[in-house]
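Chemist: The following block contains the structure, expressed as structure tokens.
The values are calculated or read from the model by the stated rules, or taken from the named source; none is laboratory data. What you are looking at is a predicted structure, and each value in this text was computed from that prediction instead of being measured. Here Cβ is always computed from backbone atoms with ideal geometry, including for glycine, and neighbour counts include all displayed protein chains. We work out accessible area using only protein heavy atoms, side chains counted, and drop any ligands, DNA or RNA first. Shrake-Rupley method; radii C 1.70, N 1.55, O 1.52, S 1.80 Å.
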Amino acid sequence: MIRVVIVGDKAHGIGVAGKGSPDGTHKEYKWSREVWADIEVLAKAHGYPIEFTSYGDEEPGRIERVKAGNKICDKYKNYYPLFISLHNDASKADGTWGTARGISVWTTRGHDMADVFADIMLTNLHGMLTETKKRVYSPTKGAKDFESNFDVLAGSKTVKPKYNGILIECGFQDNKEDLALLKSPEFKKKVADAIMNGIEDINKYVVENNLK
């Protein structure tokens, strides 16, 4: 039984500065869109409804993403919205190479259903993507995610999200080892598979707990 509608949020946009590898060979916006394209194929094959907060390569604006996500929630009133924003991380702000590696999941500050979803998604990401490090805030159940009130997750004073969202930081684009993985077609396919598995497990949780 499918109860989840996937609200996909693609990273940044083609014109957003600084969102790539220091050598210019990798662009976060492009990678995110390529992986989402693979996830979309898998989701539709499994029967999941899926829509995106933006289409094309341009940056719509962070609050516009929330508004678009809310419209999807309104459109699929009989489904539970699963908002996923897909990014690459970076440890340096000066455009140089760093040493940090790994995959993390972020939610808003405080405890809500997103913390549960983050744990489920991390189990799949860390279980399947063993080529890089596991990044968790705490080993404690329900506290493995990092927390920050990113606009796409928390909204603004005037625009509040109708979803409890998660943001995935998959690999560090300013680390040479992680960058090699991000460029690998095989690794990108594994990322899509891991996220799809996470969606399936979250859907199972939503069904079993009759979430509204």
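Chemist: Would you point out which residue out of Glu131, Glu40 is over 25 Å from Val206 (Cα atoms) and open to solvent by 30 Å² or more (accessible area, probe 1.4 Å)?
Modeler: Glu131
Chemist: Still on this structure: Given the conditions (1) farther than 24 Å from Gly15 by Cα; (2) among the basic types (Lys, Arg); (3) touching a residue at least 12 places away in the same chain (Cβ under 8 Å), report the number of the one that Arg65 does not fulfil.
Modeler: So Arg65 meets the others, but not (1).
Chemist: Across region 165-212, what is the number of residues that are closer than 30 Å to Gly95 by Cα and either open to solvent by less than 60 Å² (accessible area, probe 1.4 Å) or of a type in the set (A, V, I, L, M) (or both)?
Modeler: Adding up the residues that qualify gives 23.
Matching residues to (1) open to solvent by 20 Å² or more (accessible area, probe 1.4 Å); (2) under 30 Å from Lys141 (Cα atoms):
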position	(1), (2)
Lys30	yes, no
Glu58	yes, no
Ile63	yes, no
Asn70	no, yes
Lys75	yes, no
Trp97	yes, no
Val116	yes, yes
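Chemist: Then there's this: Being over 17 Å from the mean Cα position of the chain (by Cα) and of a type in the set (S, T, N, Q), is that true of even one residue in region 143-163?
Modeler: yes
Chemist: While we're looking at this one, here's another question. Can we say Tyr137 is in contact (Cβ under 8 Å) with a residue 40 or more places away in the chain, open to solvent by 10 Å² or more (accessible area, probe 1.4 Å) and out of contact with any Cys (no Cβ under 7 Å at 6 or more places or on another chain)?
Modeler: On the way: in contact (Cβ under 8 Å) with a residue 40 or more places away in the chain: no; open to solvent by 10 Å² or more (accessible area, probe 1.4 Å): yes; out of contact with any Cys (no Cβ under 7 Å at 6 or more places or on another chain): yes.
The answer is no for Tyr137.
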